[in-house]
Amino acid sequence: MRITKIGHSTVLIEAGGTRLLTDPYFGTFGHIAYARVSPPALTRDEIGRLDGVLVSHGHWDHTDRRFFRGLEPDTPVLVPSGTLPMMRLKGVRKTVPVRTWQSQRVADAILTAVPALHLARTVGWVVQTDDVCVYFAGDTYHRPFMAEIGRRFAIDVALMPVSTYRIPLTMGEKSAVKAARDLRAGTVIPIHLGVQPRSPLLRTSQSPEGFERRLREAGLRTQVVHLADGASWEVERSLAEAV
């Protein structure tokens, strides 16, 4: 399996011939309150053929209207149950609503919606192929359900936020360490790093490097892979018991 970070929480997951994209966001401006730190590594048109799209929730930095409108009409877009009307307004044509713990097969992958907690109706996603299991957190806080995810799945790599702002919208460094422990993932790839508050007063010094330092201080041996936008990483199956 190859994981390519496009930018922010947009990640391309390729396993064999299966190509999946998470939380598509290709805007370069950002939002009135949040600036895009750097443009995405690929444009909407450069992504190419996809077998499916995974959406964790409907916030502006995770759902790209222009991308959805340009997507092939028969490409399934998996979304949290209850968000179908919103997603259709955002341009999604083949919407597949999925409930928590429900699974769908897309090409050669099994995709399972897992619990998440955010300021919107949301889920995380677990992507399983014959050899590798990947957890995509979307935007979530740390809660006890992460231990349940870790019990149900042998997670090789977790894509998750590890820093936040003064108004906490996702996990910060400390919570992300707790999540890594509960998930028992062999590897963590930090995501949700593509935007920042325009006001310096809302920014913090939290960072992926700070998360990794806290991880080591906690005695966890989880590998941290820092992917630059546009960089790819080949997933090798790791033993969750090593954490």
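The values are calculated or read from the model by the stated rules, or taken from the named source; none is laboratory data. What you see is a predicted model; the values in this text were computed from it and never measured. Positions of Cβ are backbone-derived with ideal geometry, glycine not excepted, and every protein chain shown enters the neighbour counts. With ligands, DNA and RNA removed, areas are computed over all heavy atoms of the protein, side chains included. Shrake-Rupley method; radii C 1.70, N 1.55, O 1.52, S 1.80 Å.
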Inset, instruction - Keeping the other protein chains in place, figure out the carbon and sulfur percent of the accessible area of the range 96-138, with a 1.4 Å probe. - result: 42
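How would you classify the range 169-243 from its alpha-carbon gyration tensor, with a ≥ b ≥ c the square roots of the eigenvalues: rounded for a/c under 1.5, else prolate if a/b is greater than b/c, otherwise oblate? Each step should come with its number before you reach the end.
Working: a/c = 2.58, a/b = 1.47, b/c = 1.75.
It comes out oblate by the Cα gyration axes.
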Legend entry - SER175 - accessible surface, heavy atoms, 1.4 Å probe, Å² rounded to 10: 40
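Mind checking the per residue accessible area of the range 51-125 for me, 1.4 Å probe, whole number of Å²?
Heavy-atom SASA per residue in the range 51-125 reads 45 Å².
Counting each DSSP H run of 4 or more residues in the chain as -39500 (n - 2.57), what helix-only mean residue ellipticity at 222 nm follows after dividing by all residues, to the nearest 500 deg cm²/dmol? Mind showing how you got there, number by number?
Numbers: 5 runs with 41 residues, N = 243.
Calculated from helices alone, the mean residue ellipticity at 222 nm is -4500 deg cm²/dmol.
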Inset, instruction - List the extent of the Cα atoms of the range 100-243 along each of their three principal axes, largest first, rounded to whole Å. - result: 46, 33, 32
Legend entry - Loop sites in the range 159-243: GluC sites (Glu not before Pro), DSSP, at most 15 other Cβ within 10 Å: GLU236
Inset, instruction - Express the carbon and sulfur contribution to the solvent-accessible surface of the range 171-226 as a percent, rounded to the nearest whole number, probe 1.4 angstrom. - result: 46
Legend entry - the chain: proportion of alpha-carbon pairs further apart than 27 angstrom, %: 27
Inset, instruction - With both partners inside the chain, how many of the DSSP beta bridges are antiparallel, as a percent to the nearest 5? - result: 60
Inset, instruction - Take the alpha-carbon centre of the range 41-96, take the same for the range 141-176, and report the distance between them in whole Å. - result: 23
Legend entry - Two-decimal ratio, the range 61-159, of alpha-carbon radius of gyration to 2.2 N^0.38 Å: 1.09
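Extension gain ARG121-ALA228, at 0.36 nm per residue separation less the Cα-Cα distance, in nm? Walk me through the numbers on the way to the answer.
Working: separation 107, 0.36 × 107 = 38.52 nm, distance 2.89 nm.
Using 0.36 nm per residue and subtracting the Cα-Cα distance, I get 35.6 nm.
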